[in-house]
Amino acid sequence: MKRVVVLGSTGSIGKQTLNIIRNNPTIFSVVGLSCRKNIDLLKRQMNEFGVRFGCCSLFPDEQNRIFNNELLLLKSIDFDIVVAGAGGIDSLEAVIYALEQNKRVCVANKELLVCAGSLLMKLSNGNLIPVDSEHSAVFQCLENRMDVESITLTCSGGALRNFDINKLWSATKSDVLKHPTWKMGDKITVDCATMANKAFEVIEANRLFGFQRKDINVLLHKESLVHGLITFCDKSSLALISQPTMELPIAYALSYPDRVCFDSDFSLVGKTLTFENPDYSRYPIFEFITENYQNEEFCCMSAGVDEASVNLFLDGVIRYGELHTIIEKSLSKVSNSAITDAKTAREIYNEGIQRVLQIRKKV
Ligand code: MG
């Protein structure tokens, strides 16, 4: 029985993780749960799974053993696996602690790898398993294979892939949140529309697998069935195909190197697979961020900048077209230092958030 801690248990990844555990009670048990603010759902989840310790950063409840700090939660329990599903970098210290204890960390949250990927990989010792669907696919294809020349991350192009390019600037929140194939949280759905998400995934792939930008391809694949591929030096490729549900990469990361069996009538019969190069003129944020993929400080700050900018958009404060200008302005002057500890990552991430708010004030 593997004892699992789910960080961000009330969010999209957390709920899907709990669903896998609910369906596989002989393989996994839950020993810790955390969330930012949804204390009611957290308590219901703790009840359902018989969990004694939790964490809610905004509304802790010490009497019911609900701390305000994930690190404290991890230090209070015995566990085998941590699923890092909370957004932002709130879980960074907890994840570092888990890796230092030589425990498996299933990383669903890309900010952690974008902000502190090199640091986490140094501590990983093979215990850091990607959950992001594209990276899970590449991870599954790579499996110690030799002579791999490049990897490919697929992308759906987001909700605005067919939107009139002349009207993109004023696309509304409801236009942006209509993701064609994946059901995810609001923030990441906006990031799919701008392809900031894919830019972060390029950084993530570099940190996880060590490929350089020129060897990390991005292909627009509208069907979202092929999640990632690797290409060998003879130019043949190996791909992972599955239905687009995050439960599969989550389950794989939990059970690796084994697999969790799923009941599904998913079939390839009648399906068409198409691949195109993205029209990058629709996605200026992607190019701006990926150009700087080696600058750890830039990458870390870009995650904070993106979070703050997307929140302004979701709150109706800025228009869709302003996302690009605010992100570029906020990141116009960034030095280039390595991220060597959680505290530095947090400071730089927060500076990104502050820069966006300051630029917004001046407008
Ligand atoms: Mg992804």
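Please treat every number below as a calculation from the coordinates, not as lab data. Just so you know, these numbers come straight off a predicted model, no measurement behind them. For neighbour counting, all protein chains shown are included, and Cβ atoms are generated from backbone atoms with ideal geometry for every residue, glycine included.
What's the center-to-center distance, using Cα atoms, between region 35-113 and region 243-266 in Å?
Value for the Cα centre distance between the two parts: 22 Å.
Just to confirm my understanding: which cysteines in the chain have no other cysteine beta carbon less than 4.7 Å from their beta carbon?
C35, C55, C56, C106, C141, C155, C192, C233, C261, C299
Enumerate by residue number the GluC sites (Glu not before Pro) in region 291-363 meeting two conditions: DSSP loop (anything except H, G, I, E, B), and at most 14 other Cβ atoms within 10 Å of the site's Cβ. Walk me through the numbers on the way to the answer.
On the way: sites: E291, E296, E297, E307, E322, E328, E347, E351; in loops: E291.
Listed in order of number, the matching sites are E291.
Going down the list K183/K271; K37/K361; K37/K183; K187/K235; K103/K178; K15/K333, which pairs span over 30 Å between their C-alpha atoms? Don't jump to the answer; show the numbers that get you there.
Numbers: K183/K271 20 Å; K37/K361 27 Å; K37/K183 21 Å; K187/K235 36 Å; K103/K178 37 Å; K15/K333 39 Å.
K187/K235; K103/K178; K15/K333, as the Cα separations exceed 30 Å there.
Which residue, G270, V317, A342, has the largest displacement toward the positive end of the dipole of the chain when charges sit on each Cβ (Lys, Arg +1; Asp, Glu -1)?
V317
Rounded to the nearest 0.05, what FRET efficiency do E143 and T181 have when you use their Cβ-Cβ distance and R0 = 30 Å?
E(calc), rounded to 0.05, equals 0.70.
Which Cα, out of N47, I27, F79, lies furthest along the positive dipole direction of region 1-112 (beta carbon charges, K/R +1, D/E -1)?
I27
Taking 30 Å as R0, compute the FRET efficiency from the Cβ-Cβ separation of T274 and L314 and round it to 0.05.
Numbers: r = 31 Å, r/R0 = 1.02.
So, using R0 = 30 Å, E works out to roughly 0.45.
Mind checking which of F163, F266, F209 has the largest fluctuation in a GNM of the chain, springs on alpha carbons under 10 Å?
Of F163, F266, F209, the Gaussian network model singles out F266 as fluctuating most.
For the pair S174 and R360, how long in nm is the line joining their label points, each one 7 Å along Cα→Cβ?
2.3 nm
About the Cα centre of the chain, how large is the charge dipole given +1 on each Lys and Arg Cβ and -1 on each Asp and Glu Cβ? Please answer in debye to the nearest 20. Can you show the working numbers first?
Details: 40 positive and 43 negative charges, 138 e Å.
With only Lys, Arg, Asp and Glu charged at Cβ, the dipole is about 660 debye.
Label 7 Å along Cα→Cβ of N217; region 133-151 residues with amide nitrogen under 19 Å?
134-143, 145-151
For region 224-350, take the convex hull of the Cα atoms, compute a quarter of its surface area, and give me that in nm², please. Mind showing how you got there, number by number?
On the way: hull surface 50.2 nm².
If I average the Cα hull's projected area over directions, I get 12.5 nm².
Could you size up the charge dipole of region 214-363 around its Cα centre, putting +1 on the beta carbon of Lys and Arg and -1 on that of Asp and Glu, and report it in debye to the nearest 20?
On the way: 15 positive and 21 negative charges, 111 e Å.
Dipole size: approximately 540 debye.
What are the equivalent ellipsoid semi-axes of region 64-183, built from the alpha-carbon gyration tensor (square roots of five times its eigenvalues), in whole angstrom, biggest first? Present the calculation step by step, with values, prior to reporting the outcome.
Numbers: eigenvalues 210, 102, 26 Å².
Whole-Å semi-axes of the equivalent ellipsoid: 32, 23, 11.
Loop only per DSSP, at most 15 neighbouring Cβ atoms within 10 Å: give me the trypsin sites (Lys or Arg not before Pro) in region 15-48, ordered by residue number. Mind showing how you got there, number by number?
Numbers: sites: K15, R22, R36, K37, K43, R44; in loops: R36, K37.
Hits after loop and neighbour filter: K37.
Taking the Cβ of each residue in T231, T152, T172 as the centre, tally the other Cβ atoms inside 10 Å and list the residues starting with the fewest.
Exposure proxy ranking, most exposed first: T172, T231, T152.
Hey, could you get me the Stokes-Einstein D for the chain, Kirkwood radius over alpha-carbon pairs, 20 °C and 1.002 mPa s, rounded to whole µm² s⁻¹? Don't skip to the end; give the middle numbers.
On the way: Rh = 20.8 Å.
The estimated diffusion coefficient comes to 103 µm²/s.
Compute the orientation-averaged projected area for region 125-188 from the convex hull of its Cα atoms and round it to one decimal in nm². Walk me through the numbers before you get to the answer.
On the way: hull surface 26.7 nm².
For the Cα atoms of region 125-188, the hull's average projected area reads 6.7 nm².
Write down the percent of antiparallel bridges among all DSSP beta bridges whose residues are both part of the chain, to the nearest 5. List each step's numbers first, then the result.
On the way: 12 of 40 bridges.
Counting DSSP beta bridges with both partners in the chain, the antiparallel share is about 30 percent.
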